[in-house]
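Below: the structure, in structure tokens.
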Amino acid sequence: MNNTSPTVIDIIAGARPNFMKIAPIIRALDERKVAGGRLRYRLIHTGQHYDSRMSADFFEQLDIPMPDINLDVGSGTQAEQTAAIMTRYERLLLDHPSSLCLVVGDVTSTMACAIAAQKLRVPVAHVEAGIRSGDWGMPEEINRMVTDSITNWFFTTSETANDNLRRAGVEDDRLFFVGNTMIDTLLAHMDRLRPPPFWDEYGLLPGSYFVVTLHRPSNVDAGSSFARLLRAIGEGTRSLPTIFPVHPRTRKTLEAIEDLPANLVFVEPQPYLEFNYLVRHAKAVITDSGGITEETTVMGVPCMTLRDTTERPETVSIGTNEILGTNPANLSRALDRLFAGGWKKGGIPELWDGRTGERIVAALEELFPS
């Protein structure tokens, strides 16, 4: 009889994108447990971003168990959130130690929990490690760099990420090229995607509308430049309905702008299944998000990114994404090219095949053998 105790892994989630990234890992761990695997997990929600309606939707739609622990950090400046997460996670580890802290992505919770864990000699594994935009003006870039500087094991989405880490001095035996858990989640739920309640209300038809998501400070915090961008979107989309799920920080600026284009349709942030239904059937997506560029690449939907850099270059070199910068004139030209039928078809990056969660868990079982 094997009397050894199971290995407990803390899985950290702090914001909406994290849930999509942890779902395949949880599913793979649960499957291995049924098959006799020794790895166990403790799901920790830091409470960095919390909306009761949206969180409930995500747990239900993505089949994620409710968190074992919620640190209830709440809102605040980035420094305030970092300090609160570190303090509360440190206390948890002191009272109830774990064998590994597994963090995903690049939100504040990712960095803060990694720091707290390492200071208590709990090793750290980083899923989606090694991605870099080169833009230190992005808080996420700082989070990535700090997290990777103290990570023990790196789970990567691309060879580009591997190269970034190798240049930083990471040895190959600490690198695991596993693929993209965001894409695991997308492929697992593709057949369950469903139209939002307003689909018929706005007369939406596949290929005859656009989706917009904008939330980065450089795009939405200054009312005058944001207004120019919105007008370029309204004109360039040629009166087609343009669905804009509005991020809370975006709404504040939006309320002060007058004479908005008539074809812009502002809606609340959408649950996962409804949002990706919109994306899958859109003529194109206009965004400043990183994760959405990965999903559009897999779904073959043209994507226009209103940023000067990207931490996901494979969505440009292989996929359907293009980096346009923030000049409205660039967007207008790109939309003209789209309507003329000149947008690239794109392909799917290596290992974005829906089995990343399984590969991560297999690697963890090797790192923590019985």
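Assorted remarks:
- Qualifying residue in region 272-290 (condition: open to solvent by 10 Å² or more (accessible area, probe 1.4 Å), at pLDDT below 95 and not polar (S, T, N, Q)): no
- VAL170, sole failed condition from (1) within 24 Å of PHE368 (Cα to Cα); (2) among the hydrophobic types (A, V, I, L, M, F, W, C); (3) not in a loop (DSSP other than H, G, I, E, B): (3)
- Taken over region 332-370, residues that are in a loop (DSSP other than H, G, I, E, B), more than 30 Å from ARG238 (Cβ to Cβ) and modelled with pLDDT of 95 or more amount to 8.
- Residue list for region 145-180, filter: farther than 16 Å from GLY291 by Cβ, open to solvent by less than 10 Å² (accessible area, probe 1.4 Å), free of Cβ contacts under 8 Å to residues at least 40 places away in the same chain and among the hydrophobic types (A, V, I, L, M, F, W, C): PHE154, LEU165
- Subset of region 80-107 [open to solvent by less than 10 Å² (accessible area, probe 1.4 Å), within 27 Å of TRP352 (Cβ to Cβ) and either part of a helix (DSSP H, G or I) or among the aliphatic types (A, V, I, L, M) (or both)]: LEU100, LEU102, VAL103, VAL104
- Subset of region 200-231 [closer than 29 Å to TRP136 by Cα, open to solvent by 30 Å² or more (accessible area, probe 1.4 Å) and among the hydroxyl-bearing types (Ser, Thr, Tyr)]: SER218, SER224, SER225
- Candidate set: region 311-331, residues that are without any contact (Cβ under 8 Å) to a residue 60 or more places away in the chain and aliphatic (A, V, I, L, M); chosen: the one nearest to SER239 (Cα to Cα): LEU324
- Any hit, region 181-193, residues being touching a helix residue (DSSP H, G or I) at 6+ places or on another chain (Cβ under 6 Å), modelled with pLDDT of 95 or more, surrounded by fewer than 16 Cβ atoms within 10 Å (Cβ to Cβ) and not basic (Lys, Arg): no
- Residues being under 22 Å from HIS281 (Cα atoms) and touching a strand residue (DSSP E or B) at 6+ places or on another chain (Cβ under 9 Å) - total across region 237-260: 9
The values are calculated or read from the model by the stated rules, or taken from the named source; none is laboratory data. Predicted, not measured: the structure shown is a model, and the values here were computed from it. Ideal geometry is used to build each Cβ from the backbone, glycine not excepted, and the neighbour counts take in all protein chains shown. Side chains are part of the model used for accessible areas, which takes the heavy atoms of the whole protein and leaves out ligands, DNA and RNA. Shrake-Rupley method; radii C 1.70, N 1.55, O 1.52, S 1.80 Å.
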